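To start, the structure under review is shown below, and the notes come after it.
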Amino acid sequence: MNLVDRFCREMQPLLKTKDSVHGAVQRCESYAEAGRQVAELLHRENLRRVIVAAREELDPAIDAMHGALREFEASVTGGEAVRIERETPTQEKLGDSSRTFGEYAHYEVGIGGADVLIAESATIGLRMGPYESRALSLLPPTHIVIASTSKLVERIHDALESSFTHLNRKRGSSRENEAGTSPTLTLITGPSRTADIEKILVLPAHGPSQLYLWLVEES
Amino acid sequence: MSLTALRKRLVSALADPALSLPYEKATATARAKRAQAVAELPDFEEQRTLAARARRDSVENLQELIRLFEERFTHDGGHIHRAHDTLAARECVTRILSHYQARSVVKGKSMLSEEIGLNEHLLAEGYEVYESDLGEFIVQLAGQRPSHITAPALHLSRVDIAHLFHEKLGVEYTEDPVQLTKIARTALRERFLGADAGITGANFLVADTGQIVLLENEANIRMSATLPRVHIAVVGLEKVIRSSVDLGPLLSVLARSATGQKMGAYTSILGADGSPPRHVVLVDNGRSTLAQNSVRSEILSCIRCGACLNVCPVYERIGGHAYDSAYSGPIGALLGPHHLGTDHGEDLPFASSLCGACSEVCPVKIDIANLLRSERQRYVETSGASVSERFGWWVWSQVMIRPKLYRILARVARGILQGPGLGHGGNTAMGAWVQGRELPEPAPTSFVHQWSRAGGRVSRGKRL
């Protein structure tokens with residue numbers, strides 16, 4: 001089974017409980033196509049307040065999203081338009097934008113990317129950096145990820161190696177000149193969950209309730 | 001025997017048949033989930049071996065790795081504090097909090113913070129402390145201790161929790177776990193956004209990259225380590241691992257052993273990136289001493305998965321509170337005395353049938369059962385067994401080294417056992433032993449007798 005199939009297969013059960021569904025994993029051929037499908041989701045679920053990561057690879061998706069939403073809104077009278085805001089890349093290390101955490105809590109949707117995708121466990125890996133804030137995948141109740149299948153690796157060992165190899169190589173040498181610090185890697189496997197009440201699985205707990213992933217299979 | 005305190009708690013737990021019901025249900029589910037998760041990873045045993053090796057490496061090179069972690073973490077802008085014991089650790093935390101003029105604290109689940117009684121201390125010093133893990137939030141509201149390493153509110157039913165939320169939070173009464181979780185989510189969201197400081201534990205500290213590793217399902221730890229103005233991680237020395245490479249095997253076995261998941265929902269590998277400022281309080285509390293003990297140091301390999309609790313027939317029957325310790329279950333019986341002081345739980349190794357199931361499931365291959373046996377031996381050697389017990393063992397050993405005497409007494413015993421009316425022992429000591437057991441039916445003649453009658457050769461042993 002190839003990595004894309006495996007990732008999708010592993011992700012499906014993470015998004016369901018006995019009584020509810022908490023997201024989806026889709027495949028598509030371009031960022032633009034993903035953007036159109038995200039627009040459909042936003043329209044369908046009535047999601048209005050959206051924050052998007054600064055990641056450049058999302059640009060075609062966002063353009064397509066705007067286009068599709070304009071079409072949807074033309075056909076609907078009254079009601080609020082969808083407000084899509086974009087993070088700006090900030091300080092080198094921190095990945096925080098100029099918004100406060102309180103402001104992030106008011107967004108309904110956070111749209112970001114991924115730096116690594118682990119097929120074995122359907123895990124989405126985010127490196128903290130200037131191009132996506134930590135709050136985006138944490139505070140809004142819906143988290144949408146649009147990422148290329150080129151980010152896929154098989155297992156956690158591979159993801160760790162690709163994330164930290166440059167550090168391992170530098171082991172023993174002086175790190176005085178390095179501006180960088182050890183990267184922060186957040187591994188996300190499904191929406192937030194708990195089973196602390198009678199071991200009954202409940203989604204979500206404190207974090208995002210819905211997790212949607214679009215896997216872009218670019219040639 | 002001077003195990004009265006333990007005996008009392010055991011008797012009280014055994015007297016309540018309903019007590020074990022939530023434990024039986026939960027641990028059965030956990031065992032099934034673990035079995036499935038282990039079976040579906042083709043190289044689980046190999047990962048387990050690598051994980052065990054990584055943990056032994058940590059314990060054997062504790063001081064070196066801690067020093068390495070300290071160097072990297074502080075180089076990257078993090079702050080390290082060393083605390084020799086519980087008092088020092090508490091003082092450390094309050095000093096950091098006062099430096100940042102923090103009054104309110106949001107907490108992720110941390111066994112170490114239970115070990116050092118951090119919550120009680122902070123509350124006494126006038127801080128507001130909000131437990132954010134749902135299970136911990138529940139037991140905090142109830143004023144109780146957690147009853148399991150990974151599922152703190154295991155002993156409470158949804159009805160208990162419904163009443164608790166209704167009374168303590170003033171919300172409408174509901175027994176629906178989805179609604180109850182939503183109530184906690186709303187209450188805690190405010191706390192996450194408003195707290196001055198976030199305090200967590202850590203699952204691992206990576207020496208070669210200077211990173212803190214935090215595993216969870218709820219996202220409350222991500223919130224606690226990200227949203228407030230300062231992040232404090234209180235961590236036992238033994239959590240250090242040599243390299244991020246070791247995380248591969250460790251993460252492969254941990255979640256599978258704990259909850260049967262391939263990975264927890266969130267694994268945060270945090271560098272000291274300065275936002276928020278990160279402080280690690282490294283707590284010793286007997287760890288560096290234990291690391292130097294060649295027999296017992298492997299206890300420090302524990303990665304707090306709780307698999308041994310889920311498989312222990314004693315834990316399942318008596319529940320977590322009967323251990324009366326921050327750490328319950330088989331591993332708790334080993335950790336308690338070393339970390340909490342010898343007047344805490346020195347008798348706990350006796351709350352075991354030595355069945356060995358714990359050793360079988362431990363993802364880092366700690367031979368828990370054998371260590372329990374060895375702790376019992378040490379207890380008897382230092383505290384001494386009762387006179388009657390010592391006399392009984394002496395008599396037994398005198399008989400066992402005299403084959404002729406043994407054979408005579410065995411014939412006598414057979415005669416008695418074949419006789420009527422011996423099912424439920426005479427004096428109290430035997431009574432406790434035979435309650436719940438039936439004495440076996442002895443064979444009509446001894447094996448040696450039957451063997452030689454069938455033509456087999458027997459060489460008569462001499463006194464040893």
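A short reminder: the numbers here are calculations on the coordinates, not readings from a lab. Keep in mind that what you see is a predicted model, and the values were worked out from it rather than measured. Backbone-built Cβ (ideal geometry, glycine too); neighbour counts: all protein chains shown.
When both bridge partners sit in chain B, DSSP labels roughly 25% of those beta bridges antiparallel. From the alpha carbon centroid of the range B:313-379 to that of the range A:1-42 is 45 Å. Distance between the modelled labels on B:A15 and B:E172, one decimal in nanometres: 4.2 nm (7 Å Cα→Cβ projection). Per-residue 3J(HN,Hα) values for the range A:182-187, derived from phi via the Karplus relation 6.51 cos²θ - 1.76 cosθ + 1.60 with θ = phi - 60°, read 4, x, 9, 10, 10, 9 Hz in sequence order (x marks Gly and Pro). Other residues lying with their Cβ under 12 Å from the Cβ of B:A333 contribute a combined charge of -2, Lys and Arg counting +1, Asp and Glu -1. Per-residue shielding of B:299-306, expressed as the average number of other chain Cβ atoms within 10 Å of the residue Cβ, stands at 0. Highest mobility in the GNM of chain A, judged by mean-square fluctuation with C-alpha springs under 10 Å and restricted to A:V145, A:V202, A:V52, is found for A:V202. Within the shell of other residues whose beta carbon sits under 14 angstrom from the beta carbon of B:V159, the net charge comes to -4, with Lys and Arg scored +1 and Asp and Glu -1.
Each Lys or Arg adds one and each Asp or Glu takes one away; over the other residues whose Cβ falls under 13 Å from the Cβ of B:Q140, this sums to -2. Unpaired Cys in the protein assembly as shown, meaning no second Cys C-beta under 4.7 Å: A:C8, A:C28, B:C92, B:C302, B:C305, B:C312, B:C355, B:C362. Sort out for me the Cα centre separation of the range A:189-206 from the range B:175-244, rounded to whole Å. When both Cα centres are located, 16 Å separates them.
Residues whose amide H falls under 5 Å from that of A:V25, counting only those 5 or more places apart or on a different chain, are A:L213, with hydrogens built in the peptide plane.
What is the helix-to-structure angle for B:158-169, meaning the angle in degrees between its Cα long axis and the longest Cα principal axis of chain B, kept from 0 to 90 and rounded to the nearest 10? So the inclination is approximately 40 degrees. Rounded to the nearest 10 degrees, the inclination of helix B:44-60 to the longest alpha-carbon principal axis of chain B is 80 degrees. Legend: ranking of residues B:H339, A:H66, B:H155 from fewest to most surrounding C-beta atoms inside 10 Å; resulting order A:H66, B:H155, B:H339. Beta bridges assigned by DSSP with both partners in the protein assembly as shown are antiparallel in approximately 30 percent of cases. With a 10 Å cut-off between alpha carbons and a GNM built on chain A, which of A:E161, A:E85, A:E108 moves the most? In this elastic network of chain A, the residue with the biggest mean-square fluctuation among A:E161, A:E85, A:E108 is A:E161. Length gained on full extension, A:E161 to A:Q12, computed as 0.36 nm times the residue gap minus the Cα-Cα distance: 51.0 nm. Of all the options A:I111, A:I144, A:I156, the one that moves most in a Gaussian network model of chain A with Cα springs shorter than 10 angstrom is A:I156. Between A:S20 and B:Q101, how many nm apart are label points set 7 Å from Cα along the C-beta direction? In this crude spin-label approximation the distance works out to 4.0 nm.
Could you compute the FRET efficiency for B:L354 and A:E73, with r as their C-beta to C-beta distance and R0 at 51 Å, rounded to 0.05?
Computed FRET efficiency for B:L354 and A:E73: 0.15.
Using the Cβ-Cβ distance between B:V448 and B:E64 with R0 set to 60 Å, the FRET efficiency from 1/(1 + (r/R0)^6) comes to roughly 0.55. Per-residue Cβ neighbour counts within 10 Å put A:I62, B:I241 in the sequence A:I62, B:I241, beginning with the fewest. With the simple model of a label 7 Å out from the Cα in the direction of the Cβ, B:S294 to A:R86 spans 6.6 nm.
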